[in-house]
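**Student:** Please see the structure below; I have some questions.
The values are calculated or read from the model by the stated rules, or taken from the named source; none is laboratory data. A quick note: this is a predicted structure, and the numbers were derived from the prediction, not measured. Neighbour counts run over all protein chains shown; Cβ positions are idealised from the backbone, glycine included.
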């Protein structure tokens, strides 16, 4: 243990303490033990050495070297024979250090021997050689070592508790404590060791001593914390000096508004609510004493608000309204502040205020003039929001108009119960959240004015909200439009498409509140136009003129409160009337009749109704309105009338059907089946507005003139409503019905007319009322005679007889059209003797040309148009072709805009079923001929026509066997309807044949069957013989007697062929041996006049009755 001899020598527990940066001199004594070296500290002030020990390993006279180390690093060497000089070592770094020395004759760095022998050794404590010197061996003895622990210390920093370190060196802030509270300041060394008392000293820096040492802790000092202030003390270590420390004991002196709001009074701040605001109201805490640096985190304790990142401020967000309390504490001290985030809103919720000029409570007083008492049913006040939040704050709230305060009135309720003031002291009166604004007068000058809400809170806060307002006319859209009406029972009733009869085109003009028609408009011209492409302007339109200034021609829509509106004929107002302050739109109408049955053309077609001109200017096709204030922007605007329209549907016919024909013809046969004996024509009446109707059905034979020039007939009737009309033309209850005594069997063309009338009595003539004719106008027909120079029949029908095929029904015709327009279509209808349609073919449509077909047989003559080819099943008798057609024009003149049907025409003919040859002389099938005999060939021809034609047409059973019993190809033809070409060879023969005992020429009738297309087959011939003995006279006798005889012979052979053999002298008919059935039918066929008068007389009697049934039936040839 070293015994320190001076005050600055600090050794504790063998450890030397030294101030950082100080130095210490070290040395060794010559008295050393074997194992240690005495460390010497040389005191340069006293010249003394301390710390010695023996070094027995070395003898006197040895030369010793000392190698000095600090923390293992060589810092220097010393050498001596006997006595060591002190070694000064400096300790610049704080902390524990180790000083070591290596003593001997060997360099520890290199291992080399560096010692030598001395002649003396130390004796006692003096630095001198003892006497006598001791001789030592010079051999290398090696080194010994020793070390010493040294601590270099310095004042590193101060600590204070409880306190917060400031950024300044050795500065602390502490919260104001309770009475008797303190802050302890501690000196912290480097290294962190605690020194004994006396080694550390404290000194007060304040004017007055404060604080006290901490018992038992010389490293600490105690300062008071119950009094706010600044306290500074210093500390010295090991006499080497130290440092000072300052402690700020703080209290909250005040709270202020740093930003984002204003200070209303101590402890009260206010700010406006700002949605989306991020900054907020910043409340700042002020300390006593004021710190020289940033307030440390934790020194101030906050409640309410949100942190700002600065320890001495607090943020109150402004994104939501409310009352917010912010508190700040620093130890035993604290302050608080109320922060009001105030929301003010003024906003209209229900549109602009309008003049309250209506009468919602129906008391015959404008609502705006009613200043007291609730207005029941009031619906014109506009709701506004007046929102001040939070409730329960101080200040003044006012609602004011920038200009014209008399324009509006504020009410608490919509129905005008309590009028509101314009200013509220919100600390005493809670203002309404909403109010209702009533418009009393139009805002003038026009343009938006300002309704402003202002909230003031002392000199701190002035919030304003403004919303534009303008007391406007009661808004609406002015417009004009067309509406179609019908007059029914004295009332104008709106109608939609389709329309008919008399319709009224109403021009409606509606001036909205606050608007009017532009005043320079005096007239409007509407155009009703047929929209088909068949007509052009101006024939397809009719103009209707409306005079906008003529109050007498306009009706006004008026209504008593709560009642349906009516049209006032006596309002005597025109649509030019101003409606700027009106409560309701003013609607006017003017009605002008439109006679749809005649205007513009009376056709059933889409018609448009549009405005054609304003003031006669066809470039202006819309009415113009202007808004109040007039003569200022916006400019006048157009608002209708939009074009409208309707389909007209005046009386027409549709779904015309004929029970046994087509729309072109019907068929009649009084003796035929029911469908031919009772032709029925049915039709529907189309009309948008059904009433009473008279219908007329005209008809004539298709063989008549092209239109109605010839004979025709008519039936008629009446009908209520549009139920289907069914006309049975043979109904005997119908005046003018089909009558066998008047009307022949055959085909008839017809037309229909329907006339509309009111009341119970139909018009005397159809054209006195609206009417429609199915097929008029009659512009197209097939003429009776082709115009000159042709002059031929306008139509003809015949059978062409090809040599190698069936008979063909052919025709030619001529079309006459007074408009010189070709037909749309032509049909050629083949009708057989039973009035059955057998074919319909299309024919050429060119008008003004005879259509005759082509030259099929190369005879340089047209062969007609083939309509039908006869078959084996077809009847002989009267065939006809009915010519039907649809005109190529006429649609422009027809209500239905379709081309009319032509009145049908026809021509008739009969097929050649039998061919008759009369041979005069010559052989026939081996029978020798003789001289000719003069006979009445026309009489024979007529008999054939009558007998064969009539029988074949209606009584074919009589001649069934004589006509078709001949076999052809081995098959017996039994169908009497077969078209069979039969040749009747009539041959006169004179011979003196005793076997036949004939004195007069015999007449031979030969019936030979030749099927069409086959050659003659002589062996398939049936012969019938008749003697002239009793029926004829000599050639020089009366010719009529001979005619009768020949005719009688021919008929006899016909009758004979129907039965079996008979006596040659039998009566040709009466005594003919035949079946009773055949005889009965033949007697029916041949009246008694034949037997009495002979063929010629009978022919003259019978011809008029039967001619129509046999005309053209036979082709008679003579050779």
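**Student:** Tell me whether region 814-822 contains one or more residues that are outside any strand (DSSP E or B) and free of Cβ contacts under 8 Å to residues at least 40 places away in the same chain. First the steps, then the outcome.
**Tutor:** Our first condition is that a residue be outside any strand (DSSP E or B); within region 814-822, this holds for 815, 818-822.
Applying the additional criterion that residues be free of Cβ contacts under 8 Å to residues at least 40 places away in the same chain yields 818, 820.
Yes, some residue in region 814-822 is outside any strand (DSSP E or B) and free of Cβ contacts under 8 Å to residues at least 40 places away in the same chain.
**Student:** Tell me, please, whether a residue that is within 30 Å of residue 437 (Cβ to Cβ), outside the structural domain of residue 431 (by TED's automatic domain parsing) and buried (at least 19 other Cβ atoms within 10 Å of the Cβ) can be found in region 263-271.
**Tutor:** yes
**Student:** Still on this structure, please answer the following. Out of curiosity, is residue 509 surrounded by fewer than 19 Cβ atoms within 10 Å (Cβ to Cβ), in contact with a strand residue (DSSP E or B) (Cβ under 6 Å, 6 or more places away or on another chain) and either in contact (Cβ under 8 Å) with a residue 40 or more places away in the chain or within 30 Å of residue 899 (Cβ to Cβ) (or both)?
**Tutor:** no
**Student:** Let me ask you something else. Can you tell me which of (1) part of a strand (DSSP E or B); (2) touching a residue at least 24 places away in the same chain (Cβ under 8 Å) is the one residue 413 doesn't meet?
**Tutor:** Checking residue 413 against (1) part of a strand (DSSP E or B); (2) touching a residue at least 24 places away in the same chain (Cβ under 8 Å), the one that fails is (1).
Each row is one residue, and each column tells you yes or no for (1) within 20 Å of residue 390 (Cβ to Cβ); (2) under 60 Å from the mean Cα position of the chain (by Cα); (3) surrounded by fewer than 22 Cβ atoms within 10 Å (Cβ to Cβ).
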residue	(1), (2), (3)
275	yes, yes, yes
282	no, yes, yes
286	no, no, yes
293	no, no, yes
298	no, no, yes
304	yes, yes, yes
318	yes, yes, no
323	yes, yes, yes
336	yes, no, yes
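**Student:** Confirm whether residue 186 is more than 25 Å from residue 11 (Cβ to Cβ) and either touching a strand residue (DSSP E or B) at 6+ places or on another chain (Cβ under 8 Å) or not assigned by TED's automatic domain parsing to the domain that holds residue 461 (or both).
**Tutor:** On the way: more than 25 Å from residue 11 (Cβ to Cβ): no; either touching a strand residue (DSSP E or B) at 6+ places or on another chain (Cβ under 8 Å) or not assigned by TED's automatic domain parsing to the domain that holds residue 461 (or both): yes.
For residue 186, the condition - more than 25 Å from residue 11 (Cβ to Cβ) and either touching a strand residue (DSSP E or B) at 6+ places or on another chain (Cβ under 8 Å) or not assigned by TED's automatic domain parsing to the domain that holds residue 461 (or both) - is not met.
**Student:** Taking residue 714 as the residue in question, decide whether it is under 27 Å from residue 779 (Cα atoms) and in the same structural domain as residue 686 (by TED's automatic domain parsing). Give the derivation first.
**Tutor:** Details: under 27 Å from residue 779 (Cα atoms): yes; in the same structural domain as residue 686 (by TED's automatic domain parsing): yes.
Yes; evaluated as a whole, the condition is true for this residue.
**Student:** Based on this model, can you work out whether residue 836 counts as within 24 Å of residue 662 (Cα to Cα), surrounded by fewer than 17 Cβ atoms within 10 Å (Cβ to Cβ) and more than 53 Å from the chain's Cα centre (by Cα)?
**Tutor:** The answer is yes for residue 836.
Here's the yes/no breakdown for (1) touching a strand residue (DSSP E or B) at 6+ places or on another chain (Cβ under 7 Å); (2) at pLDDT below 95; (3) over 30 Å from residue 774 (Cβ atoms); (4) part of a loop (DSSP other than H, G, I, E, B):
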position	(1), (2), (3), (4)
604	yes, no, no, yes
630	no, yes, yes, yes
647	yes, no, no, no
697	yes, no, no, no
704	no, yes, no, yes
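**Student:** Tell me whether region 733-747 contains one or more residues that are farther than 30 Å from residue 879 by Cα, outside any loop (DSSP other than H, G, I, E, B) and touching a strand residue (DSSP E or B) at 6+ places or on another chain (Cβ under 6 Å).
**Tutor:** So in region 733-747, the residues farther than 30 Å from residue 879 by Cα come out as 733-735.
If we keep only those that are outside any loop (DSSP other than H, G, I, E, B) too, we end up with none.
Within region 733-747, not a single residue is farther than 30 Å from residue 879 by Cα, outside any loop (DSSP other than H, G, I, E, B) and touching a strand residue (DSSP E or B) at 6+ places or on another chain (Cβ under 6 Å).
**Student:** Ok, one more. Considering region 721-732 alone, what residues qualify as being modelled with pLDDT of 95 or more and touching a strand residue (DSSP E or B) at 6+ places or on another chain (Cβ under 6 Å)?
**Tutor:** Hits for region 721-732 are 724, 725, 726, 727, 728.
Listed here are the residues, each with its yes/no results for (1) farther than 22 Å from residue 300 by Cβ; (2) buried (at least 18 other Cβ atoms within 10 Å of the Cβ); (3) modelled with pLDDT of 90 or more.
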residue: 187; (1), (2), (3): yes, yes, yes
residue: 194; (1), (2), (3): yes, no, no
residue: 197; (1), (2), (3): yes, no, no
residue: 202; (1), (2), (3): yes, yes, no
residue: 211; (1), (2), (3): yes, yes, no
residue: 227; (1), (2), (3): no, no, yes
residue: 233; (1), (2), (3): yes, yes, yes
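**Student:** Related question: Please go through region 759-783 and pick out each residue that is at pLDDT 90 or above and part of a loop (DSSP other than H, G, I, E, B). Explain how you work it out, then say what you get.
**Tutor:** Of region 759-783, the ones at pLDDT 90 or above are 770-783.
770, 774, 775, 776, 777, 778, 779, 782, 783 - these are the residues of region 759-783 that are at pLDDT 90 or above and part of a loop (DSSP other than H, G, I, E, B).
**Student:** Continuing with the same structure: Listed residues 425, 402, 430; which is modelled with pLDDT under 85 and either more than 42 Å from the chain's Cα centre (by Cα) or crowded, with 20+ Cβ neighbours inside 10 Å (or both)?
**Tutor:** When all the criteria are applied, what remains is 402.
**Student:** When you check residue 591 against the structure, is it surrounded by 13 or more Cβ atoms within 10 Å (Cβ to Cβ), part of a loop (DSSP other than H, G, I, E, B) and either at pLDDT below 90 or under 40 Å from the mean Cα position of the chain (by Cα) (or both), yes or no?
**Tutor:** no
**Student:** With the requirement that a residue be surrounded by fewer than 20 Cβ atoms within 10 Å (Cβ to Cβ) and under 14 Å from residue 772 (Cβ atoms), what does region 665-689 give you?
**Tutor:** Of everything in region 665-689, just one residue is surrounded by fewer than 20 Cβ atoms within 10 Å (Cβ to Cβ) and under 14 Å from residue 772 (Cβ atoms), namely 684.
**Student:** Show the residue pairs meeting these rules: Cβ distance below 7 Å; 6+ apart or different chains; first residue within region 719-736 and within 11 Å of residue 682 (Cβ to Cβ) and in the same structural domain as residue 685 (by TED's automatic domain parsing); second residue surrounded by 10 or more Cβ atoms within 10 Å (Cβ to Cβ) and modelled with pLDDT under 95.
**Tutor:** 725/719
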